[in-house]
Amino acid sequence: MKLMITPETPEDKSAIYSLNAAAFEQENESRLIDLLRDSEHFIPGLSLVARADTGVVGHILFTKLTIAGPEGVIYNTLALAPMAVLPSLQQSGIGSQLIREGLKRAAELGYGSVIVLGHPKYYPKFGFVPASRWGIRTTYEVPDEAFMAIELKPGALEGRAGTVIYSREFDEV
Ligand SMILES: CC(C)(COP(=O)(O)OP(=O)(O)OC[C@H]1O[C@@H](n2cnc3c(N)ncnc32)[C@H](O)[C@@H]1OP(=O)(O)O)[C@@H](O)C(=O)NCCC(=O)NCCS
């Protein structure tokens with residue numbers, strides 16, 4: 001299947017909403033995307049859609065995220081969340097293409113690292129490892145191996161130990 005991965009356009013908003021609702025079988029993630037899109041955390045070039053002849057078949061979102069370090073110091077990183085592929089087209093590599101393209105574009109835009117809370121069997125193949133390696137924690141109660149990070153620039157997370165602060169939009173859905 002011919003796929004094009006490009007930043008979302010205003011016309012893609014409703015397709016992104018329905019795609020996420022179909023993939024997650026609920027609307028929380030779709031609502032989260034709408035909230036994040038209107039927030040200061042949104043990066044227009046890092047909400048990517050995978051477009052086939054039939055329309056939008058996949059979506060991935062990277063938004064600005066902060067790590068609270070010691071003594072009030074704040075480090076900047078990115079959150080990968082959420083991502084979705086049309087159920088009928090899952091397991092055919094679209095998600096992998098979205099992740100690889102997203103990481104490449106994030107690096108090109110100058111971002112040094114990405115954090116993901118997700119399946120420990122899926123993300124490591126793209127280079128994600130447990131964020132605990134750098135002493136980065138989350139307030140969410142999740143298994144250590146599900147909270148992962150990747151350096152887009154070597155050493156970007158060195159000395160960045162702290163607690164990730166997910167923006168309030170994540171708690172609103
Ligand atoms: C998670 C999700 C985005 C992955 O997208 P996907 O397009 O199915 O992912 P891929 O096809 O790249 O990879 C899935 C599997 O297919 C395999 N695969 C990749 N390319 C393949 C190909 N060309 N042919 C056959 N299998 C392939 C991968 O190795 C992977 O195997 P794994 O199960 O051992 O990890 C998708 O399943 C989804 O939308 N799930 C519901 C929403 C969700 O849970 N999102 C993630 C949390 S934010």
Every listed condition ((1) over 12 Å from the mean Cα position of the chain (by Cα); (2) modelled with pLDDT of 95 or more; (3) of a type outside the set (A, V, I, L, M)) holds for Thr63 save (1)
Sole miss for Glu71 among (1) in a helix (DSSP H, G or I); (2) without any contact (Cβ under 8 Å) to a residue 40 or more places away in the chain; (3) open to solvent by less than 60 Å² (accessible area, probe 1.4 Å) is condition (3)
What are the pairs with Cβ atoms under 6 angstrom where one residue, in the range 134-146, is small (Gly, Ala, Ser) and the other, located anywhere, is assigned to a loop (DSSP other than H, G, I, E, B)? Sequence gap at least six, or different chains. Gly135/Ala161; Ala146/Pro120
Residues satisfying the stated conditions in the range 1-53, i.e. under 25 Å from Gln91 (Cβ atoms), basic (Lys, Arg) and surrounded by 16 or more Cβ atoms within 10 Å (Cβ to Cβ): Arg51
If a residue must be away from the ligand (no atom under 16 Å from the Cβ) and at pLDDT below 95, how many such residues does the range 110-143 contain? 2
What number of residues within the range 145-173 are closer than 16 Å to Gly135 by Cβ and either in a helix (DSSP H, G or I) or among the small types (Gly, Ala, Ser) (or both)? 7
Taking Lys125, is it among the basic types (Lys, Arg), in contact with a Gly (Cβ under 8 Å, 6 or more places away or on another chain) and either in a helix (DSSP H, G or I) or loosely packed, with under 14 Cβ neighbours inside 10 Å (or both)? no
Report, by residue number, each residue of the range 81-109 that is more than 8 Å from the ligand (Cβ to nearest atom) and either open to solvent by less than 40 Å² (accessible area, probe 1.4 Å) or in a strand (DSSP E or B) (or both). Gly102, Leu103, Ala106
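The values are calculated or read from the model by the stated rules, or taken from the named source; none is laboratory data. Keep in mind that this is a model prediction, so the values were computed, not measured. Cβ sites come from the backbone with ideal geometry, for glycine too, and all protein chains shown count toward neighbours. Ligands, DNA and RNA are excluded from the accessible area calculation, which covers all protein heavy atoms including side chains. Shrake-Rupley method; radii C 1.70, N 1.55, O 1.52, S 1.80 Å.
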